[in-house]
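A.B. asks: Below: one structure in structure tokens.
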Ligand SMILES: *[C@@H]1O[C@H](CO)[C@@H](O)[C@H](O)[C@H]1NC(C)=O
Ligand SMILES: *[C@@H]1O[C@H](CO)[C@@H](O)[C@H](O)[C@H]1NC(C)=O
Ligand SMILES: *[C@@H]1O[C@H](CO)[C@@H](O)[C@H](O)[C@H]1NC(C)=O
Ligand SMILES: *[C@@H]1O[C@H](CO)[C@@H](O)[C@H](O)[C@H]1NC(C)=O
Ligand SMILES: *[C@@H]1O[C@H](CO)[C@@H](O)[C@H](O)[C@H]1NC(C)=O
Ligand SMILES: *[C@@H]1O[C@H](CO)[C@@H](O)[C@H](O)[C@H]1NC(C)=O
Ligand SMILES: *[C@@H]1O[C@H](CO)[C@@H](O)[C@H](O)[C@H]1NC(C)=O
Ligand SMILES: *[C@@H]1O[C@H](CO)[C@@H](O)[C@H](O)[C@H]1NC(C)=O
């Protein structure tokens with residue numbers, strides 16, 4: 001110890017010399033290394049040799065275990081007067097001073113286990129009235145003299161086990177009236193006498209622990225010396241049959257309720273062994289690990305109040321109809337590993353006679369696991385009219401075929417759970433369980449079952465909830481395999497070489513209540529999208545270790561198979577080890593409540609964006625051991641939002657800004673639990689980062705690309721606008737230049753000449769092709785006749801003879817209020833029109849008003865042809881100035897009306 005202090009102070013001096021003051025402070029006050037939290041100071045495992053003197057004075061719990069303390073000097077505890085718990089176990093304390101309790105008046109629990117106390121005097125605990133627990137196990141106390149515990153009026157538990165006590169005598173006077181547990185196991189007590197127990201005359205012991213003492217004698221009246229004794233443990237006491245019988249006699253007429261005789265070398269019982277317990281109300285008897293091989297008839301006849309009987313780990317050869325006679329109130333019986341193991345010889349294999357359990361009319365729980373029974377007889381379980389749980393795991397050497405007779409003896413048991421795992425069952429015949437109409441849980445896992453399930457196997461299981469069939473030889477399903485058990489909620493079919501899963505309708509179709517389905521480890525490759533249809537309540541689906549990769553390939557004939565559709569309540573989905581290298585974007589779209597998904601050990605590289613968009617409540621995501629190179633926001637953003645566990649270990653991450661910058665940023669900010677982040681999330685590419693931890697990837701250069709990004713965006717938008725303008729000019733340029741012209745002319749002062757109609761000689765000048773003259777004549781002259789004020793300028797009629805034609809045209813256009821183009825294919829071909837008339841008319845329109853031109857289309861002419869031939873476009877003119885000659889006769893009146901409107905409209909831009 002001194003060496004320790006020396007080296008400590010030396011270290012301090014070095015620290016001081018280095019001027020590292022903070023270190024120095026840490027060095028000198030070793031106590032500050034105690035962890036203090038909520039008035040609890042934990043100073044364990046600190047190699048302390050002194051009581052820390054600088055802890056908060058208001059601590060109530062002080063843990064000094066696993067140190068090197070030799071004493072607990074009372075003065076050093078003055079400061080900690082509020083202590084209620086002092087744990088000084090695992091030290092080298094050899095002496096205790098009475099004043100300790102004086103300094104600690106509130107102390108309730110004092111633990112001094114694993115120390116070197118040997119002497120306790122009358123004074124030692126004299127001030128410890130408030131103590132409720134005193135732990136003194138593993139000390140060197142060989143003898144208690146006088147009454148060291150006399151003042152412990154509130155003591156509830158006293159542990160003196162693993163000392164060298166040779167007697168139970170802890171005092172000479174009545175004391176410890178509140179003691180409930182007295183632990184004296186592993187001492188050297190050989191005899192129990194009245195005189196050595198009578199200090200407990202006023203006590204009510206719930207538990208007297210005397211295990212592992214070499215007790216040879218129970219002298220008369222020993223237990224009657226104790227006020228009340230409810231529980232007694234004498235495990236590993238080498239009692240044998242006769243001393244056990246003697247013990248039970250001594251327990252007669254006591255209040256004993258629980259008796260533990262495990263490992264007491266009770267090889268056999270007879271109708272006298274427990275006779276003494278007749279005058280008790282014993283409810284629990286533990287006879288495990290006794291090597292018990294013969295239970296004599298009526299052995300338990302004395303125990304009508306017994307409720308719990310433990311017989312596991314014995315060597316019983318034979319149960320006869322009277323072995324359990326009298327156990328009318330037993331509710332719980334375990335016979336695990338209770339029978340002889342000589343399986344190789346049938347003659348020596350354990351034998352259970354019919355009707356052996358007939359007396360156990362209150363039995364609810366029976367465990368017979370790990371035995372070697374040859375088979376089930378027709379009345380084996382007869383009489384168990386309250387039996388609810390029957391565990392027969394690994395109970396039979398070979399059960400082979402379950403017939404409709406096998407469980408007939410359970411016909412009157414309201415059985416809820418039957419465990420038949422590991423019994424080498426090879427076949428289930430129809431109606432095998434038809435006796436078990438109440439059954440909720442049936443475990444048939446780990447057997448040799450190899451058959452087609454027709455559905456008749458489950459006949460009568462009207463209340464079944466869970467069936468375990470995992471780990472069997474092979475199971476061939478049909479559409480009716482589960483048709484008779486619609487109440488089923490959990491079905492385990494792991495590693496059963498499932499066949500015929502693609503039958504239609506699906507074998508699972510009747511199971512609308514199913515919540516858990518395990519189809520893992522079956523090498524399933526062929527299923528259709530009907531398999532899980534209608535399983536709306538499914539919460540857990542295990543499909544790991546199958547061969548489903550093809551179903552999700554884009555190249556799959558008929559497209560990807562969406563076998564998860566409609567599973568809107570699924571919480572946990574396991575798809576590990578299926579060879580998946582593709583996932584359809586829609587694969588998880590119905591799984592709105594998914595909390596955990598395991599896609600580990602597949603070949604996934606690129607996941608479709610938005611694949612996890614619907615998984616708002618995802619808590620756990622496993623993608624370990626895939627081929628994922630990049631972790632991008634558009635794929636993983638939604639999945640990572642509420643995640644508490646992520647596993648993406650062993651992926652070949654590409655450590656470039658584009659691939660993992662977002663991931664690294666997320667990693668640095670998240671509280672998600674990610675194990676082995678620094679060791680198993682390594683970069684694969686680029687080569688200079690190979691083997692480098694992803695979390696250490698420097699993302700600052702990636703952030704620098706942000707201004708570049710802005711630059712890029714500005715550039716792009718300028719370019720795009722330019723392209724837009726060019727395209728605009730290309731396609732709408734005429735309009736721009738046309739309206740530009742109009743604007744310029746207006747700006748230069750060409751006011752609209754809003755002359756009155758009478759100021760013009762003609763209402764309109766009509767431009768038409770020579771070939772269309774008949775149409776013009778036919779349509780315009782009647783209008784003139786109707787309305788005397790209307791006068792059109794028709795070239796053939798009104799041109800003064802001898803005037804130069806071009807001049808005539810210019811004049812006529814000027815003298816006409818409007819210009820009408822009668823547009824036909826002929827007009828487009830008329831050279832004069834193209835060159836001159838149109839120019840004149842348009843010039844007039846630009847200078848004066850846009851309403852002055854009226855286009856009449858006699859046939860359908862596309863705009864581009866019009867533009868090409870006449871440099872006119874429909875878009876230049878108001879819609880009421882564009883008229884189409886109707887094909888139907890009835891609409892001709894409407895046409896004339898429109899024409900009149902167009903002619904009458906004012907010549908104005910707006
Ligand atoms: C008790 O305190 C004294 C002085 O306060 C100290 O010298 C001594 O080492 C302490 N003893 C223990 C066991 O802590
Ligand atoms: C106990 O003492 C510490 C400081 O010594 C103080 O922070 C804490 O509030 C105290 N606790 C109570 C319950 O008084
Ligand atoms: C004291 O610490 C030890 C070891 O850490 C622990 O086993 C023990 O339960 C603690 N005692 C109390 C009273 O908490
Ligand atoms: C026992 O504890 C109570 C408070 O719980 C206290 O008032 C009393 O003084 C203590 N008894 C002794 C003998 O110190
Ligand atoms: C105990 O069994 C023996 C025979 O093994 C029988 O003679 C005796 O009457 C039985 N005693 C009681 C109390 O049943
Ligand atoms: C057993 O219980 C009954 C009723 O609870 C009681 O009258 C009787 O005294 C008890 N027997 C013993 C030996 O304690
Ligand atoms: C049991 O199965 C056999 C045929 O295997 C049949 O003849 C008999 O009627 C069945 N018994 C019951 C109770 O179903
Ligand atoms: C059946 O017993 C085995 C072995 O004790 C156990 O592992 C299994 O969980 C039990 N089955 C059920 C459904 O409790």
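Where a number appears in this text, it was derived from the coordinates with a stated rule and is not lab data. Just so you know, these numbers come straight off a predicted model, no measurement behind them. Here Cβ is always computed from backbone atoms with ideal geometry, including for glycine, and neighbour counts include all displayed protein chains.
A.B. asks: How are the alpha carbon pair distances in the range 541-694 distributed across 10 Å bins from zero to the largest one, expressed in percent?
C.D. replies: Pairs per bin, as whole percents: 11, 41, 35, 11, 1.
A.B. asks: Related question: With labels modelled as points extended 7 Å from the Cα through the Cβ direction, what inter-label distance (nm, one decimal) is found for residue 47 paired with residue 783?
C.D. replies: Once both label points are built, they end up 11.9 nm from each other.
A.B. asks: Using Stokes-Einstein with the Kirkwood hydrodynamic radius over Cα pairs, what translational diffusion coefficient do you get for the range 258-411 at 4 °C and a viscosity of 1.567 mPa s, in µm²/s rounded to a whole number?
C.D. replies: Roughly 84 µm²/s, to the nearest whole number.
A.B. asks: Going by alpha carbons, how many degrees (0 to 90, nearest 10) lie between the helix axis of 892-904 and the longest principal axis of the chain?
C.D. replies: So the helix axis and the longest Cα principal axis differ by about 80 degrees.
A.B. asks: Follow-up. How big is the chain on each of its three principal axes, counting only the C-alpha atoms and giving the largest first in Å?
C.D. replies: Principal extents (largest minus smallest coordinate, Cα): 164, 89, 53 Å.
A.B. asks: Still on this structure, I have one more. Looking only at the range 595-730, where both bridge partners belong to it, what percent of the DSSP beta bridges are antiparallel (to the nearest 5)?
C.D. replies: That works out to approximately 10 percent antiparallel.
A.B. asks: Compute the acute angle (0 to 90°) between the alpha-carbon long axis of helix 240-251 and the principal axis of greatest extent of the alpha-carbon atoms of the chain; round to the nearest 10°.
C.D. replies: 90
A.B. asks: Separate question: For the chain, what proportion of DSSP beta bridges, expressed in % and rounded to the nearest 5, is antiparallel?
C.D. replies: 5
A.B. asks: Same structure again: In whole Å and largest first, what semi-axes does the C-alpha gyration tensor of the range 405-528 yield when each eigenvalue is scaled by 5 and square-rooted?
C.D. replies: After diagonalising the Cα gyration tensor, the semi-axes are 23, 16, 13 Å.
A.B. asks: A follow-up question, please. Report the gain in length on full extension from residue 268 to residue 723: 0.36 nm times residue separation, minus Cα-Cα distance, nm rounded to one decimal.
C.D. replies: 153.4 nm
A.B. asks: Just to check, using Stokes-Einstein with a Kirkwood Rh over alpha carbon pairs, what's the diffusion coefficient of the range 317-381 at 37 °C and 0.692 mPa s in µm²/s?
C.D. replies: On the way: Rh = 12.3 Å.
The estimated diffusion coefficient comes to 266 µm²/s.
A.B. asks: Residues of the range 660-690 with the amide nitrogen closer than 18 Å to a label point 7 Å from the Cα of residue 715, along Cα-to-Cβ, please.
C.D. replies: Correct set: none at all.
A.B. asks: Rounded to the nearest 0.05, what FRET efficiency is calculated for residue 688 and residue 658 with R0 set to 25 Å and r the Cβ-Cβ distance?
C.D. replies: 0.95
A.B. asks: Does the range 57-178 come out rounded, prolate or oblate, given a ≥ b ≥ c as the square roots of the eigenvalues of its C-alpha gyration tensor, rounded meaning a/c under 1.5 and, failing that, prolate meaning a/b above b/c?
C.D. replies: Since a/c reaches 1.5 but b/c is at least a/b, the shape of the range 57-178 is classed as oblate.
A.B. asks: Follow-up. Can you compute the modelled spin-label distance between residue 68 and residue 770, with each label point 7 Å from Cα toward Cβ, in nm?
C.D. replies: Placing both labels 7 Å beyond Cα along the Cβ direction yields 13.2 nm.
A.B. asks: Mind ranking 886-896, 477-487 by how tightly packed they are, going by the mean number of other C-beta atoms within 10 angstrom, highest first? Please report the intermediate quantities before stating the final value.
C.D. replies: On the way: 886-896: 10.8, 477-487: 18.6.
The most tightly packed comes first, giving 477-487, 886-896.
A.B. asks: I want to verify the translational diffusion coefficient of the range 499-571 in µm²/s; compute it with Stokes-Einstein, Rh as the Kirkwood radius over Cα pairs, at 25 °C and 0.890 mPa s.
C.D. replies: My calculation gives 194 µm²/s for D.
A.B. asks: Cα convex hull of the range 551-621: how many Å³ per residue?
C.D. replies: 80
A.B. asks: Got a sec? Which residues in the range 398-415 would a label at residue 430 touch, if it sits 7 Å along Cα→Cβ and we count backbone N under 13 Å?
C.D. replies: 404
A.B. asks: In addition: Normalised by the residues of the chain, what does the relative contact order come to in percent, with Cα pairs under 8 Å and at least six apart?
C.D. replies: 3 percent.
A.B. asks: Right, here's the next one. If you line up the long axis of helix 773-786 against the longest principal axis of the chain, both from Cα atoms, how many degrees apart are they, to the nearest 10?
C.D. replies: Here the helix axis deviates by roughly 80 degrees.
A.B. asks: Now for a separate question. Could you give the nm distance between label points at residue 216 and residue 810, where each point is 7 Å from its Cα heading toward the beta carbon?
C.D. replies: Rounded to a tenth, the inter-label distance reads 15.4 nm.
A.B. asks: Can you tell me how much longer the chain between residue 487 and residue 353 gets when fully stretched, taken as 0.36 nm per residue apart minus their C-alpha distance, in nm with one decimal?
C.D. replies: Taking residue 487 through residue 353 to full extension adds about 44.7 nm, to one decimal.
A.B. asks: Once you have the Cα-Cα distance between residue 480 and residue 195, take 0.36 nm times their residue separation minus that, and quote the gain in nm to one decimal.
C.D. replies: Computed gain between residue 480 and residue 195 is 95.1 nm.
A.B. asks: Return the FRET efficiency for the residue pair residue 318, residue 133: r is the Cβ-Cβ distance, R0 is 41 Å, and the value is rounded to the nearest 0.05.
C.D. replies: Computed FRET efficiency for residue 318 and residue 133: 0.30.
A.B. asks: Let me ask something else about it. Using just the helices of the chain, give the 222 nm mean residue ellipticity in deg cm²/dmol: DSSP H runs with n ≥ 4 each add -39,500 (n - 2.57), and the total is spread over all residues, rounded to 500.
C.D. replies: Only helices count here, giving -6000 deg cm²/dmol.
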